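See structure below.
The values are calculated or read from the model by the stated rules, or taken from the named source; none is laboratory data. Model, not experiment: these values are computed from the prediction. Neighbour counts are summed over all protein chains in view; Cβ atoms, including those assigned to glycine, are modelled from backbone coordinates with ideal geometry. Ligands, DNA and RNA are excluded from the accessible area calculation, which covers all protein heavy atoms including side chains. Shrake-Rupley method; radii C 1.70, N 1.55, O 1.52, S 1.80 Å.
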Amino acid sequence: MTAAVAAGHPATTDAGIEILREGGTAADAAVGACLASCVAETVMTGFLGGGHAIYFDAASSVARNLDCFVAVPSGPRGELLELHVPFGAELVHYAVGPASCAVPGLPAGLDLLWREHGRLPWARLCEPALRLARDGVDLPPAHAACLAMLEPGMTMDAGKRIYSPGGRLLQAGDRLEQPGLEKALQIVLEEGARTIYSGTLAEAFLALVEERGGIVTAGDLAHYDAVWAEPVEVAYAGKRFLTRAGLSRVPSALEALPLLRDLSESARVLALLDALEGEGPEGHTTNLTVVDENGNACVLTTSLGLGSGDFLPGLDMHLNSMLGETDLLRGSLDPGERMESMMAPSLALDGDGLTLAIGSAGGTRLRTALVGVTAGILDEDLEPQAAVERPRVHRAGDVVNAEPEANEEALAELESRGLTVRRWPEQHHYFGGVSLVARAGAAADPRRSGTARALAS
């Protein structure tokens, strides 16, 4: 495996490469890239959100999942603000406001990942993100398109100043300026990621929550820990595929998927849809994938939800809105318990070791994107970037969403079954965002303005 980074923004990818060049491990680069994404990709993610990762230690050939998703707060439930946001051709319902904020988990995950698998000093990992916060970062086309759809939620509170300066919503190529993040990240550099649980950022967070009617308590923050877990393993295309179960349902989809390599294009599309039948939760996410020179790998998927619409005063950090993501509200939601997630950072191994590290963003479309690209690489022997760019077809209830150049024979068959086919006019970030590193190379999703770079490049 060539050392490489693939992510959802050029600045995120560059940050990971910078850390690898400094001699950092895959964990170091993933932490540095993730912190950079919390500046460059704030339409998709943020430091006060949650995530899931998978880490492969090449020396021991051991892979572990890292759960740093958000937890249920212990405060009494508060009122939520309902928003209806057009997402492509669909109207998506969200609930935001301070009471939608769950206990952040991502900072604890970054801290644990670095402590157990990192090599470089913590301060060095913060430097790329600090530089981006100080200088600003260009807003790529896919992020600008997402911002345009999410404008009602993203331009609340300090978001109006950040995303709509002077009353004009940022467009592709505009500079995203978040000066408060430089102050916040300087605190993270000096106090460590756990400052949000018992330090300066915790004080600012709790003051805002108390003022605005949030439900996260000091005890909730103090008791939060990221945890390692065993990945779920399934056999697929002669490989060992390691991932998450739960709401992701990636293992069951791969187990139901026949080999596609000898099928016609029409039969391939139909087989994928059959294996992927069923819905998952919404959400706005990003993914990054890193492999270092020693063959260690880290895949990290993170999310803020839509974002609550509340920002730490003077620090420009957006609170998550996970308690407003209705599809994540499963079971009794006891205080301290993890909320559900569809995230599925994954690895594939064969007799020679690691062959694929892959993850995806995309809410309900995440599983469609991840399984389709995985099949393209491991089963159909497609080049990684070709597998990522291949047209996607995603079913949402009785509606089948299809990108341009999707197989028309398959779409006609679906219409004959009584389904409505919605043909999208162009490739769109609705269909998810995959980033991966494989033996044949690294790839990132143009639907999310992603980029991939090998260390030597």
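Close amide H pairs (under 5 Å, H built 1.01 Å from N) link Ile215 with Cys101, residues at least 5 positions away or on another chain.
With the helix formula -39500 (n - 2.57) applied to DSSP H stretches of n ≥ 4, the chain reaches a computed 222 nm mean residue ellipticity of -10000 deg cm²/dmol. Alpha carbon centre of region 193-219 versus region 436-456: separation in Å? For region 193-219 versus region 436-456, the Cα centre distance is 36 Å.
The peptide list 73-80, 367-374, 2-9, put in order of mean Cβ contacts within 10 Å with the highest first, becomes 2-9, 367-374, 73-80. Annotation: amide H of Ala344 within the under-5 Å range of Ser360, sequence separation 5 or more or interchain, hydrogens built in the peptide plane. The phi-based Karplus calculation (6.51 cos²θ - 1.76 cosθ + 1.60; θ = phi - 60°) puts the 3J(HN,Hα) values of region 167-178 at x, 10, 5, 4, 10, 4, x, 5, 8, 8, 10, 9 Hz, whole numbers, x for Gly and Pro. Ranked from largest, the principal axis spans of the Cα set of the chain equal 59, 49, 44 Å.
Computed in the context of the full set of protein chains, the accessible area of region 38-123 at 1.4 Å probe radius has 56% of its extent on carbon or sulfur. Taking 7 Å steps out from each Cα toward its Cβ at Arg77 and Arg21 produces label points 5.1 nm apart.
Rg of the Cα atoms in region 357-457, relative to 2.2 N^0.38 Å, amounts to 1.11.
What the phi angles of region 434-448 give under the Karplus curve with 6.51, -1.76 and 1.60, with θ = phi - 60°, is a coupling list of 8, 9, 8, 10, 10, 4, 7, x, 9, 8, 9, 8, x, 5, 10 Hz, glycine and proline written as x. With coordinates expressed along the principal axes, the C-alpha atoms belonging to region 45-137 extend over 48, 35, 33 Å, beginning with the largest. Filter the GluC sites (Glu not before Pro) in region 412-449 down to the DSSP loop ones having no more than 15 other Cβ atoms within 10 Å, then list what survives. Loop-located and lightly packed - Glu426. Converting phi to 3J(HN,Hα) with the Karplus coefficients 6.51, -1.76 and 1.60 and the offset θ = phi - 60°, region 382-393 yields 6, 4, x, 5, 5, 5, 5, 7, 4, x, 10, 10 Hz in sequence order, with x at every glycine or proline. A cut-off of 5 Å between modelled amide H atoms, ignoring neighbours fewer than 5 places along the same chain, links Asn401 with His394, Arg395, Ala396, Arg422.
Note on region 120-252: Cα Rg divided by 2.2 N^0.38 Å, N the number of residues, gives 1.39. Positive-end ranking of Ala95, Gly305, Ala3 along the dipole of the chain, with charges on Cβ about the Cα centre, is headed by Ala3.
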